[in-house]
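Below: the structure, in structure tokens.
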Amino acid sequence: MTLPWIQNESRNAVRTEETAEDQLSLIPWWSVVLAVIVFAAVQYLFHGVMPHHKHELLPMRLLMGYSWGTAFASYVLLVGYVSRDVKRRKMPAGLWMLIVVLMPGGIGAVVYFLLRQPLLRACPNCRTEVMSSYHFCPQCQFQMAPVCGRCFRGVQITDVYCTQCGHDLAKDQAPARLRAYSD
Ligand SMILES: [Zn+2]
Ligand SMILES: [Zn+2]
């Protein structure tokens, strides 16, 4: 029997987790620009437009301007993030953008993060789109994540024994590509 994960030893290491940097790169440039503009506009609103008859309240006004500005700017960044995240999860983008933007006080965003679909990724072997939590590709049996050789539950690549059944993981001879990125 030939095992698909041995045939494909030379392929790139499969990434199981995404870093914070990947998350940040999901924020599009337009929403960063918009966030800066929104922040500046809120400052202008507090210091330029609103009437100033009580000058002793300046520290208060500075604080209010800063916190409202930050709140609105973060919201714009969040909308930008969702606009990209929704596409890579293959969810209806228009509908979700509408929900996130229109529901008041960020409730739409909360609903989005509760209901969003798990991330899909392409199997490195056959390009089938599969859930990122899968250990094996459902179409070609390609191994995507380190698993215990006895109970087939997920394990950490640094584990010596399976945390679920105590199996000695060194006996499994896990594919090198799954070990490579742990060092
Ligand atoms: Zn596959
Ligand atoms: Zn096990």
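The values are calculated or read from the model by the stated rules, or taken from the named source; none is laboratory data. Because the structure is predicted, anything quoted here is derived from the model rather than measured. No Cβ is skipped: glycine too gets one built from the backbone with ideal geometry, and neighbour counts run over all protein chains shown. To get the accessible areas, we keep the full protein, side chains included, count just its heavy atoms, and leave off ligands, DNA and RNA. Shrake-Rupley method; radii C 1.70, N 1.55, O 1.52, S 1.80 Å.
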Tell me, yes or no, whether region 135-142 has at least one residue that is over 23 Å from the mean Cα position of the chain (by Cα), surrounded by 13 or more Cβ atoms within 10 Å (Cβ to Cβ) and assigned to a helix (DSSP H, G or I). no
Complete set of residues in region 143-183 that are in contact (Cβ under 8 Å) with a residue 40 or more places away in the chain and open to solvent by less than 40 Å² (accessible area, probe 1.4 Å): Q143, M144, A145, P175, R177, L178
Considering only residues that are part of a loop (DSSP other than H, G, I, E, B), loosely packed, with under 13 Cβ neighbours inside 10 Å and touching a strand residue (DSSP E or B) at 6+ places or on another chain (Cβ under 9 Å), which ones fall in region 118-131? P118
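Would you call Y161 more than 23 Å from V76 (Cα to Cα) and within 16 Å of ligand 1 (Cβ to nearest atom)?
no
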Of L119, L77, L98, L114, the only residue that is more than 29 Å from Y44 (Cα to Cα), at pLDDT 90 or above and away from ligand 1 (no atom under 16 Å from the Cβ) is L114
Exclusive hit being away from ligand 2 (no atom under 16 Å from the Cβ), within 30 Å of V147 (Cβ to Cβ) and not acidic (D, E), set F113, F39, F72, F46: F113
Exactly one of I37, I99 is farther than 30 Å from Q141 by Cβ, of a type in the set (A, V, I, L, M, F, W, C) and open to solvent by 70 Å² or more (accessible area, probe 1.4 Å), and that one is I37
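One line per residue, one yes/no per condition, for (1) touching a Ser or Thr at 6+ places or on another chain (Cβ under 8 Å); (2) part of a helix (DSSP H, G or I); (3) within 19 Å of P28 (Cα to Cα):
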{"site": "F46", "(1), (2), (3)": "no, yes, no"}
{"site": "P51", "(1), (2), (3)": "no, no, no"}
{"site": "W68", "(1), (2), (3)": "no, yes, no"}
{"site": "S74", "(1), (2), (3)": "no, yes, yes"}
{"site": "L77", "(1), (2), (3)": "yes, yes, yes"}
{"site": "R84", "(1), (2), (3)": "no, yes, yes"}
{"site": "W96", "(1), (2), (3)": "no, yes, yes"}
{"site": "G105", "(1), (2), (3)": "no, yes, no"}
{"site": "S133", "(1), (2), (3)": "no, no, no"}
